[in-house]
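The values are calculated or read from the model by the stated rules, or taken from the named source; none is laboratory data. Keep in mind it's a predicted model, so treat the numbers as computed, not measured. Cβ placement follows ideal geometry from the backbone for every residue including glycine, while neighbour counts extend to all protein chains displayed. When the accessible area is computed, the model is the full protein with side chains, heavy atoms only, and any ligands, DNA or RNA have been set aside. Shrake-Rupley method; radii C 1.70, N 1.55, O 1.52, S 1.80 Å.
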Amino acid sequence: MTDRRKNQIAGAAGGLLSGLFGGGGGMVLLPLLVKWRKLEGRKAFATCVAIIFPMCCVSAAVYLWQVRPELSMLWPYLAGGVAGGVVGGWTFEKVPVRILKVIFGLFLLYGGVRYLLWQNG
């Protein structure tokens with residue numbers, strides 16, 4: 001399989017997850033960037049975030065158009081997300097890649113368990 005085809009498959013999988021779940025493309029993209037593109041940890045994390053950002057923007061636009069969430073409810077999350085993103089970006093270089101991998105894995109595990117136990121109503 002060519003590198004271009006691998007990139008397209010990884011991008012499609014990441015975009016599908018972002019569209020279905022409002023995020024989560026990194027679950028697919030990060031391991032594939034390491035395995036297929038042979039990126040080292042820190043570069044793989046940064047590349048993954050750069051790829052996911054436009055995917056999330058597209059998903060957000062579709063959700064805003066179709067679901068029409070209450071905009072007043074979004075602002076506190078956006079403000080916190082921007083602040084957290086700035087702090088995370090500043091500290092990214094200081095955190096060892098091994099710790100980033102552990103945090104990422106624990107986050108995925110926590111999210112998976114929460115989704116399995118989540119009940120509507």
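Some points to look at:
- Whichever aspartates and glutamates have a C-alpha closer than 14 Å to that of Lys35, once near sequence neighbours (fewer than 8 apart) are set aside: Asp3
- Note on Ile99 and Ala13: the extension gain reaches 28.4 nm, defined as 0.36 nm multiplied by sequence separation minus the Cα-Cα distance.
- Where labels lie 7 Å past Cα in the beta-carbon direction, separation of Leu106 and Arg37 in nm: 2.7 nm
- Per residue value of the accessible surface for the chain (all protein chains in place, 1.4 Å probe), Å²: 76 Å²
- Per-selection Kirkwood Rh - the stretch 11-121 (Cα, Å, 1 d.p.): 15.5 Å
- Span-like helix ranges in the chain, DSSP H, alpha carbon extent 15 angstrom or more, Kyte mean at least 0.0: 25-35, 41-66, 71-91, 97-117
- Each eigenvalue of the Cα gyration tensor of the stretch 57-114, multiplied by 5 and square-rooted, gives one semi-axis; in descending order these are 28, 17, 10 Å.
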